[in-house]
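> The structure that follows is given in the form of structure tokens.
The values are calculated or read from the model by the stated rules, or taken from the named source; none is laboratory data. This one's a predicted model, so the numbers in the text were calculated from it and none came from an experiment. Methodologically, a virtual Cβ is constructed for each residue, glycine included, from the backbone with ideal geometry; neighbour enumeration extends over all protein chains shown.
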Amino acid sequence: MTTDFLEWTKQWFSEIVEQEVDSDMNLFDNGIIDSFQLIMLIEDIEQLVNKKFTEQLMQDERLATIRGIAEIIEELDIHV
């Protein structure tokens, strides 16, 4: 995985929450992110890679962790 995408995702979360978030922590189960923030995140990712999320990606279980989100960004970037 490209470290840049992992760092971008960590930075995004550091601006949203006021606590350190582990890359493998479940963001939903731990109350780190809600559905509105998820929409904001997806919009920011779409701008970053200039590509839209598919319905399938919006339901991807990897959206639950920072590491998983970084993996999705990398995949979207590769397929641009």
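> When both residues are 6+ apart or on different chains and their Cβ atoms are under 6 Å apart, which pairs have a first residue that lies in the range 36-58 and is within 20 Å of GLN11 (Cβ to Cβ), and a second that is aromatic (Phe, Trp, Tyr)?
Final answer for the pair search is ILE42/PHE53.
> Still on this structure, I have one more. For residues that are touching a Leu at 6+ places or on another chain (Cβ under 6 Å) and under 23 Å from ASP77 (Cα atoms), scanning just the range 23-62, find the one that is surrounded by the most Cβ atoms within 10 Å (Cβ to Cβ).
Of everything passing the filter in the range 23-62, VAL49 is surrounded by the most Cβ atoms within 10 Å (Cβ to Cβ).
> Return the residue satisfying two criteria in turn: it lies in the range 1-31 and is within 12 Å of ARG67 (Cβ to Cβ) and hydrophobic (A, V, I, L, M, F, W, C), and of such residues it is modelled with the lowest pLDDT.
By that ranking, first place goes to MET1.
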